[in-house]
Amino acid sequence: MLVRRVLAAFHEWLADDGGKALLVTGSRQVGKSFLTNTFARDNFSRVVAFDLLEQPDARDSFNQATNAADLMLRVSLASDVELVPGQTVVIFDEVQECPAVVSFIKFLVQKYDYRFILSGSLLGTRLRAIPSLPIGYVTELKMYPLDFQEFCQACGVSAEFFDVLQQCLDDLRPVPDFIYDRFIDLWHRYLLVGGMPDAVAHFVETGDMDVVRRIQGNIRQLYAQDIVKYAPDELRLILADIFQLIPAQLSRQNRRFQISDLRDVKRFTQVDQHFLWLEAAGVALPTYNVSAPIFPLLAGVKRNLFKLYSSDVGLLNSAFPKTMLSGILQPNTAINLGGIYENAVAQELHSKGYALRYFSSKKIGELDFLLEDASGQITALEVKSGVSYRTHAALDKALAEPKYTIDRAFVLAETGRGARPNIETQGQVTYLPIFFAALLGS
């Protein structure tokens, strides 16, 4: 069984006396249904669960409810389990198919001594159409693909090893070689497999990448079908183009998304809603350019200049030929893997709650990521996939610019080549192993 750290948040919700419903969101196939149902069975004596996509009779009945009492009547009639106050959890899975449930959840948690869990995909796009969102009556919990630490634990690595890595980061001392080698190998495998639970489970069980790639391809196909099924009519054709273009865009030296590559599109204003839809659906991770590395970064965001990463690096790689990906496992490969490495780092940062931003200017060059913490400190982050990771002209120029407020600068790479330590600081720049992306913000 895969260990998901988000399970702790489920238990926090259960212990909360506020009685709010739990709203579990996230893109398709990240494990929402499995984790929700497993948690419910482990913590409640009575579980009433509806899959509103697979149970059309229940869905149609609930959508006809006129108020909360009418909805609960319909729930009790549709359930094979007796609802007992104080002992029952009611799960509405794929709730995007049943807006009535979301509309009435405020009254359900106020009137009934049951716990309610709502889960679904595409909620960021579908809930906009609901006139009465239950603000203040739900605890929202967003799920992501497995991050690198969860992937490592699925591969049999003890969580204590991450404590060792964290201590190395805190003290800025090198990681022991045997640990470093193990985690670099796992990082390469994570790039191939990604974090979709089904893909990870099959990889751990069989190690068969052909099976894993079939799973990944099926998920990509499901995402494409969702665009056709759920996106507004006027957005569908271009949304499909954007989704299919993500791998090609990230293969370029300049990974900024080129609007000119879209058919019949001349200006960003023609497609701005398309990118917002993909972000809200959890399919893509836009990373916006900022005018300068100056606090607050939000004030300088240029929403028309951005990179577009995949929500999962494994899904990204499933779009590439298998022969190309063999280079990931071979050190010093001549294949440009920069976009793949950046995607994996973006995925880690996003799962930790960071807003994804970068900086690019003709005078300075490009900084891959700019992170801003709660105290307002700005960290410049460079991601290097090749051997020349100590060459970073743009970062050097940015650090030398007095008006920029960069507090820390990290280079993430496959460090420790030759006689060099795998963690070291030279001037204002600290070099860290690439897998330390999993520790930033933890």
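None of the figures in this text is laboratory data; all of them are computed from the coordinates on show. Bear in mind that the values here come from a model prediction, so they are computed numbers and not experimental data. Ideal geometry is used to build each Cβ from the backbone, glycine not excepted, and the neighbour counts take in all protein chains shown.
At a glance:
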read-out	value
Relative contact order (%) - the chain, alpha-carbon pairs under 8 angstrom, separation at least six	14 percent
Cα-centre dipole for the stretch 196-351 with unit charges at Cβ (Lys and Arg positive, Asp and Glu negative), debye to 20	540 debye
Sum of -39500 (n - 2.57) over DSSP H runs of 4+, divided by residues of the chain (222 nm, nearest 500)	-12500 deg cm²/dmol
Local electrostatic count, Ile184, Cβ distance below 11 Å [Lys/Arg +1, Asp/Glu -1]	-2
Residues listed by number, the stretch 353-384, amide nitrogen under 13 Å from Ser260 label point at 7 Å toward C-beta	none
Overall form of the stretch 247-302 per C-alpha gyration tensor (a/c, 1.5; a/b vs b/c)	prolate
Proximal charge balance of Thr323 [Cβ under 15 Å; K/R count +1, D/E count -1]	+1
Eligible lysines near Lys307 by straight Cα distance, threshold 26 Å, same-chain separation 8 or greater	Lys142, Lys229, Lys266, Lys322, Lys352, Lys362, Lys363, Lys384, Lys397, Lys403
The stretch 260-416 - charge dipole about Cα centre, Lys and Arg +1 at Cβ, Asp and Glu -1, debye rounded to 20	420 debye
Rounded tilt (10° steps) of 338-351 against the dominant C-alpha axis of the chain	40 degrees
Cα gyration tensor shape of the chain, rounded if a/c is under 1.5, else prolate or oblate by comparing a/b with b/c	prolate
Val3-Leu73 pseudo-label distance in nm [points 7 Å out on the Cα-to-Cβ vector]	4.9 nm
Cα shape, the stretch 361-442, gyration tensor, a/c 1.5 rule	oblate
Long-range amide H partners of Leu285 with built H, under 5 Å	Tyr309, Ser310, Ser311
Helix axis angle, 99-111 relative to the chain longest principal axis, alpha carbon, degrees	70 degrees
Computed lengthening from Val81 to Asp208, 0.36 nm per intervening residue step minus Cα-Cα distance	41.7 nm
Between helix 197-206 and the chain: long-axis angle, C-alpha atoms, 0 to 90°, nearest 10	70 degrees
Local electrostatic count at Ala40 - Lys and Arg +1, Asp and Glu -1, tallied over other residues with Cβ under 11 Å	+1
